[in-house]
Amino acid sequence: MQTNLSPSWDLLSVMLYVFLGYVGACAIKKSKRKSYVLFRRRGNRIYADLPYLLWWCSWTFVAAFRFVNKNGLGGTDAYTYASYFKICDGSAFEDSAFVLQYAEHYEILYKLLNKAIRPFTDNHQVLFLLVYGFIVWTYQKVIRCFSYENIYAAPFIALFFVYLRSFNTLRTELSAAFILLMVLSLYKDKYGSAMILGIMAIGMQITSALYCLLIPFHYWCRKGKLNTYKVIIMVALSSLTGKAAQILMTGSIGRALGHQYFSYAGHNIGHSFFENFWKIAFGQLLIGLLILAFDRKLKRKMSENGEFAASLQFVREVCLFDVITIPITFILDIWRGYEYLYIMRLLMWSYVTCVFLKGKKSDVRHVVCAVEVVMFTAWLVFRIVKTWEQSGYMPYMLSVFQ
């Protein structure tokens, strides 16, 4: 086994990741809108949604069976996740002390998940198969819920980037999957199940607590319309809340939660948002500006009756909540915060495209769609190029070739 391999630039890996981005976007475009995600049973027959099935299999296989090693190949933290699974039952190997020390900050529910699967196998690829399969299924369930006829799928090319991030930030993406299921429950006004899913998300990654605030936010939005002035006021309140939380987290509470959270909370003290963090929050800022630019058209569409109007209103609400959280994520250095509602921002792009192109000539629609394909492909490549070195997901290697 080539355990001495280290992350390095690899054009073929970039091409593979872009191709997988297209697999997901094409599945969304080609699949007919149905109430089920992958399979359904009618009588004695089982029907499969082939585009979604191909999407699920390709993304899950690539993630679950990738090569990982101690040098960070396959994801900087992937080796410790794989190793922790092997030793979570008390087994030992040469790196046990290092892995156990690193895993001290793992949340309780993630540890229980490992311990529940470990009696059946010591192969971490089984854990990866279940976790990544669940994440992809969650993406598909969200898009199924908010999709519309003849959906504009170009924005979803970029969805593979946040999935690729899970090669490194596995617990974050797993907790984000529970947050997305919580979002679906909120859309259906199922507050009880939303709270349960929120608690499960926190059990996977404690920073998910911030996104559980979407529950009271949604309840408040039902009482009145969310306008620009209210958003500005809530951004200001978010800044004050972030400062108060920072004081608590850099004190005894932060020490009680662990050194990592204590360190994160104090990292941005004395730093400006415009030094570096604006780059991390760029996607959130951009979607906020997009909503602002097209708000009149969006509100006219939301005033109509029908499922599209209701979905648009809810997705807009979630994206504005995402914008409101930016000050808190900056102050507390929750730099992975942009990953949680990433797919909802892509949905917003798709909705805005649909509203903007309504009534336009087919030539105009084709040009705009072509521009979006180029734009989101470029964005996916750009983000891969900018993050691969610290994240370790190049070169891609299948574990069967170790």
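Using only the alpha carbons, work out the radius of gyration and Dmax of the range 17-162 in angstrom.
Here Rg and the maximum Cα pair distance are 18.1, 55 Å.
For the chain, what does -39500 (n - 2.57) per DSSP helix run (n ≥ 4), summed and divided by total residues, give at 222 nm, in deg cm²/dmol to the nearest 500? Before the final figure, lay out each step's value.
On the way: 21 runs with 269 residues, N = 402.
After summing the helix terms and dividing by residue count, I get -21000 deg cm²/dmol.
What does the charge dipole of the chain about its Cα centre add up to, to the nearest 20 debye, if the Cβ of each Lys and Arg holds +1 and the Cβ of each Asp and Glu holds -1?
Numbers: 42 positive and 23 negative charges, 380 e Å.
In debye, rounded to 20, the chain gives about 1820.
Could you list VAL62, VAL136, VAL371 in order of exposure, starting from the residue whose Cβ has the fewest other Cβ atoms within 10 Å? Present the calculation step by step, with values, prior to reporting the outcome.
Numbers: VAL62 20, VAL136 24, VAL371 11.
In order of increasing Cβ crowding within 10 Å: VAL371, VAL62, VAL136.
Considering every pair of different Cα atoms, what Kirkwood radius, in Å, is found for the range 277-402? Don't skip to the answer; put the middle values down first.
Details: mean 1/r = 0.0599 Å⁻¹.
The Cα-based Kirkwood calculation yields 16.7 Å.
Just subtract the alpha-carbon distance of TYR191 and PHE273 from 0.36 nm times their residue separation and send over the number in nm, one decimal.
Details: separation 82, 0.36 × 82 = 29.52 nm, distance 3.42 nm.
Full extension from TYR191 to PHE273 adds 26.1 nm.
Can you compute the FRET efficiency between LYS225 and MET375 using 1/(1 + (r/R0)^6), with r the Cβ-Cβ distance and R0 = 35 Å? Round to the nearest 0.05. Mind dumping the intermediate values first?
Details: r = 31 Å, r/R0 = 0.88.
Efficiency, rounded to the nearest 0.05: 0.70.
Across 5 Å bins from 0, what is the distribution of all Cα-Cα pair distances for the range 307-350, in whole percents?
Whole-percent P(r) values from 0 Å outward: 5, 22, 29, 19, 12, 7, 4, 1.
Would you mind putting 151-164, 236-249, 12-25 in packing order, based on average other-beta-carbon counts within 10 Å, highest first?
Working: 151-164: 24.2, 236-249: 16.1, 12-25: 18.1.
So the peptides 151-164, 236-249, 12-25, ranked by packing, come out 151-164, 12-25, 236-249.
Mind giving me the FRET efficiency for ASN305 and SER6? R0 is 56 Å, r the Cβ-Cβ distance, nearest 0.05 is fine. Intermediate values should be presented prior to the final figure.
Values: r = 57 Å, r/R0 = 1.03.
Once rounded, the FRET efficiency stands at 0.45.
Within the chain, what's the longest stretch lacking GluC sites (Glu not before Pro) that sit in DSSP loops with no more than 10 other Cβ atoms inside 10 Å?
Details: sites that count: GLU94, GLU149, GLU275, GLU304.
Maximal segment without exposed cleavage sites: 150-274.
For THR387, THR250, which order do you get if you count the other beta carbons within 10 Å of each Cβ and list the fewest first? Write out the running numbers ahead of the final one.
Values: THR387 15, THR250 19.
In order of increasing Cβ crowding within 10 Å: THR387, THR250.
How long, wide and thick is the chain, going by the Cα atoms along their three principal axes, in whole angstroms, largest first?
64, 55, 45
Strictly greater than 19 Å: what percent of every Cα pair in the range 140-227 meets that? Please list the in-between numbers first.
Working: 1876 of 3828 pairs.
Roughly 49 percent, once rounded to a whole number.
Using DSSP to call loops (not H, G, I, E or B), can you name the chymotrypsin sites (Phe, Trp or Tyr not before Pro) in the range 273-317 whose Cβ has at most 10 other Cβ atoms within 10 angstrom?
Values: sites: PHE273, PHE274, PHE277, TRP278, PHE282, PHE294, PHE308, PHE314; in loops: PHE273, PHE274, PHE294.
Answer in residue order: PHE274.
Listed highest first by mean packing, meaning other Cβ atoms within 10 Å per residue, what order do 73-85, 193-205 come in? Could the numbers behind the result be given before it?
Details: 73-85: 22.7, 193-205: 20.4.
Ranked by mean Cβ neighbours within 10 Å, highest first: 73-85, 193-205.
Read-outs: derived from the displayed coordinates by stated rules, not from any lab. All figures in this text were calculated on a predicted structure; none of them were measured in a lab. Methodologically, a virtual Cβ is constructed for each residue, glycine included, from the backbone with ideal geometry; neighbour enumeration extends over all protein chains shown.
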